[in-house]
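Below is one structure, written out as structure tokens; comments come after it.
The values are calculated or read from the model by the stated rules, or taken from the named source; none is laboratory data. Worth saying up front: this structure is predicted, and the values here are computed from it rather than measured. FYI the Cβ positions are ideal-geometry reconstructions off the backbone, even for glycines, and counts take in every protein chain you see.
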Amino acid sequence: MAAPLTGNGASFGISQRNAVQLAMAEINAGGGISGRQLQLLVEDTKTEPPVAVTAVNKLIYQDKVPVLIGSAASLDVPAYMEMLEKAHIPQILPVAVLPKITESHLKWTFRNALNDKIAAAKMAEFAYNTLGARKIALLIEDSAFGSTGLRFAERLKELGVEPLTVERFTRGQIDFGPQLLRIRSFGATHIQFWGYYADYAQVARKLKELNMKVQLMGNQAPVTNKTIELGGDAVEGAINICLFVPTSEDPAAKAFVQKYQTEYGEVPDTWAAESYDGMRILAQALQVAGAVDPFKIRDALAATKDFKGLTGTISFNKDGDAEFKETFVTKIEGGRFVPFKMAASH
Amino acid sequence: MNTLAQQILGGLTTGFIYALLALGFSLVYQSMRLINFAQGDLFMAGAFIGYLLAVKVHLPFLPVLVLTVTLCFFLGLAIERLTLAPRSRTASGVNLMIRTIGVSVFLQGSTLLLFGTEEYRFPDQLSGEPILFGGLVVSRSLVIVGTASLALMLVLWAFLKYTALGTAMRAASQDRTGAEMIGIDVPRTRSLAYALSAALAGAGGVLIGPLWYVHQSMGVMIGLKGFTAAVIGGMGSMPGAIVGGLCVGMIENLSTGYVSSTWKDAIVFGILLIMLSVRPDGIFRMRSAERA
């Protein structure tokens, strides 16, 4: 496994490592795969793409691993993913959401995280179908990351609603007044945000200050306790797309949260749940493959269908992206992320 | 029309912060003929000091502001004594400027070690219902930032104008040799100028805290904006720094609201370039500053 254990992505990487270790210990305690125990080798990518390349190189050519659990840091992955294609080593990616990864027509990469573009489309369906929103404004970060949010506008148009306006902002902006006042002048009732958590909290605070009563909706990135710390009561009621929240009532989720908490002394986040699922999808593929053969493991991963995980019912599409039957949406209530569940969108 | 007025009003809040930084730039420039590249980082240091006082010591807003300004004053004093004063008489302007870059890197680096790159929430000690004024939302933050900034500016002005030390500072900045001949301790006035500019930056940091969040690289862009404000107003001019700061804040908000946020910084720094080539002395021309 390659994971960003230090650097900017450390919080993701540590969740990834903890959850994979937890899942692997359970699998090994249950007799392993066809009687063989699994072994985990971990390399730190330091959230630096060149280090990720070295780490993956070492795992493939020196340690000769048959399969890789890929880095949780989105920008690490493009640096090494072509290498896996050449080396014929399959990878499962549990956390990285960058759309570009699966747009490269890779044959050896499978992602059980929620591709940010798919998330944008799902959020549009949620806003249109479940919330019945028709007057929606977009507020997106002016970057490649934020532009993923434009998929929301596309999907919304397909559903028959034109977004009122698309406003852009720069990361770390102090005053969101200019954009929000424009949005107000269009009479929007819902704002779909795409960006970084600190800006999300700033937007919520400015909405409160301007006394604007609109529903704030966001991407996956703000689903972190930092949002609540920075936004305080201003973020109450905000809605985000997210694969897993620890307050879920689902028995499997509850059991996972409890085990994780006993082991590591903290509540698991969505990245931990996704990593746990990733490891279990991989174990299922190893079982199906029946041999430690990268080609067979790849085929078994590709054939994954309706895997029931903590984060939903997962099948891989031809790009190697997970298609989820459900859409999980979370709402901030009483200073916590709680599930805002809806039925399947199709 | 309502939206336009609201946009302008919004720009004033950040404008006051830029003005405080611009004042610091001007003060140091006037006394030391120096562009202080650490100005933005002193602002960041002030924000963190204020954050610690508010969160760890649980002080209310006013003591936080006063204490931070005082602590930043002494921080500035120490920085000037330790890094800028030694051999300053024979050092070239470039040499001193590079020393301030060193200070800037040092401040950012030590904050990184202590706090990492995370954002921290500054407690909202003053939040309350915004004031409605004929359809306009006047945020409390604007009232507080504006009042506090104006009060600090007034104190500074009175100090420079009516105290012996302030007069000595002005004299030393106009004619160093002449000032020394009549017995003014010029190195001391230089330290004082640097310490005052650090105090102003620290005040900016505390005032912006509740509106934004506190993080390690927060001073970089704001420092540049403060510098732009000082140039637009006229480097070395006190009223110029204030007008320049408010202008930059409003230009920023108007370009975000009516052009695009992508162009916001390009427009502000474009104006900086135009000012430098067309009217390098700024809106308020310096009177005696360059005669020394």
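Here is a check on your reading of the model: is B:G240 surrounded by 24 or more Cβ atoms within 10 Å (Cβ to Cβ) and within 12 Å of chain A (Cβ to nearest Cβ)? Against the criterion (surrounded by 24 or more Cβ atoms within 10 Å (Cβ to Cβ) and within 12 Å of chain A (Cβ to nearest Cβ)), B:G240 does not qualify. Considering each residue of the range B:136-156 in turn, none proves to be at positive phi, within 14 Å of chain A (Cβ to nearest Cβ), out of contact with any Cys (no Cβ under 7 Å at 6 or more places or on another chain) and surrounded by 12 or more Cβ atoms within 10 Å (Cβ to Cβ). The set of residues in the range B:21-59 being of a type in the set (K, R) and touching a residue at least 60 places away in the same chain (Cβ under 8 Å) consists of B:R33 alone. Only one entry in B:L34, B:L52 is under 22 Å from A:R205 (Cβ atoms) and away from chain A (no Cβ under 14 Å), namely B:L52.
Here B:Y18 fits the description: in contact (Cβ under 8 Å) with a residue 12 or more places away in the chain, within 14 Å of chain A (Cβ to nearest Cβ), under 19 Å from B:I222 (Cβ atoms) and among the hydroxyl-bearing types (S, T, Y).
Against the definition (in contact with a Leu (Cβ under 8 Å, 6 or more places away or on another chain) and within 14 Å of another protein chain (Cβ to nearest Cβ)), how does B:T13 come out, yes or no?
On the way: in contact with a Leu (Cβ under 8 Å, 6 or more places away or on another chain): yes; within 14 Å of another protein chain (Cβ to nearest Cβ): yes.
Considered against the rule, which asks whether it is in contact with a Leu (Cβ under 8 Å, 6 or more places away or on another chain) and within 14 Å of another protein chain (Cβ to nearest Cβ), B:T13 comes out as yes.
What about A:G172, is it assigned to a loop (DSSP other than H, G, I, E, B) and either in contact with a His (Cβ under 7 Å, 6 or more places away or on another chain) or within 14 Å of another protein chain (Cβ to nearest Cβ) (or both)?
Working: assigned to a loop (DSSP other than H, G, I, E, B): yes; either in contact with a His (Cβ under 7 Å, 6 or more places away or on another chain) or within 14 Å of another protein chain (Cβ to nearest Cβ) (or both): yes.
Judged against the criteria, A:G172 is a match.
Of the set (1) away from every other protein chain (no Cβ under 14 Å); (2) not in a helix (DSSP H, G or I), all apply to B:A195 but (2).
A count restricted to the range A:175-200 and to residues that are within 12 Å of another protein chain (Cβ to nearest Cβ), within 25 Å of B:L254 (Cβ to Cβ) and not in a loop (DSSP other than H, G, I, E, B) stands at 12.
Meeting the requirement of 1 or more residues that are within 19 Å of the chain's Cα centre (by Cα) and of a type in the set (S, T, N, Q), the strands (runs of 3 or more DSSP E) wholly within the range A:285-338 are A:312-316, A:328-333. Among the residues of the range B:98-125, just one is buried (at least 20 other Cβ atoms within 10 Å of the Cβ), charged (D, E, K, R) and farther than 23 Å from A:S11 by Cβ, namely B:R99.
In a helix (DSSP H, G or I), within 14 Å of another protein chain (Cβ to nearest Cβ) and surrounded by fewer than 24 Cβ atoms within 10 Å (Cβ to Cβ), is that true of A:K157?
So A:K157 does not fit the description; no.
Which of the following residues is touching a Gly at 6+ places or on another chain (Cβ under 9 Å), among the hydroxyl-bearing types (S, T, Y) and in the same structural domain as A:L40 (by TED's automatic domain parsing): A:Y276, A:Y264? Within the list A:Y276, A:Y264, the selection yields A:Y276.
Conditions (1) free of Cβ contacts under 8 Å to residues at least 60 places away in the same chain; (2) more than 14 Å from chain B (Cβ to nearest Cβ); (3) surrounded by fewer than 22 Cβ atoms within 10 Å (Cβ to Cβ), marked per residue:
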| position | (1), (2), (3) |
| --- | --- |
| A:G218 | yes, yes, no |
| A:G237 | no, yes, yes |
| A:I241 | no, yes, no |
| A:S248 | no, yes, yes |
| A:K254 | yes, yes, yes |
| A:E266 | yes, yes, yes |
| A:A273 | no, yes, no |
| A:M279 | no, yes, no |
| A:A283 | no, yes, yes |
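This table checks each residue for (1) within 13 Å of chain A (Cβ to nearest Cβ); (2) among the hydrophobic types (A, V, I, L, M, F, W, C); (3) surrounded by 13 or more Cβ atoms within 10 Å (Cβ to Cβ); (4) outside any helix (DSSP H, G or I).
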{"site": "B:V248", "(1), (2), (3), (4)": "yes, yes, yes, no"}
{"site": "B:N253", "(1), (2), (3), (4)": "yes, no, yes, no"}
{"site": "B:G257", "(1), (2), (3), (4)": "yes, no, yes, no"}
{"site": "B:K264", "(1), (2), (3), (4)": "yes, no, yes, no"}
{"site": "B:I267", "(1), (2), (3), (4)": "yes, yes, yes, no"}
{"site": "B:I271", "(1), (2), (3), (4)": "no, yes, yes, no"}
{"site": "B:L276", "(1), (2), (3), (4)": "no, yes, yes, no"}
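Looking at the range A:67-83 only, could you name the residues that are of a type in the set (D, E) and crowded, with 21+ Cβ neighbours inside 10 Å? Scanning the range A:67-83 gives a single hit, A:D76.
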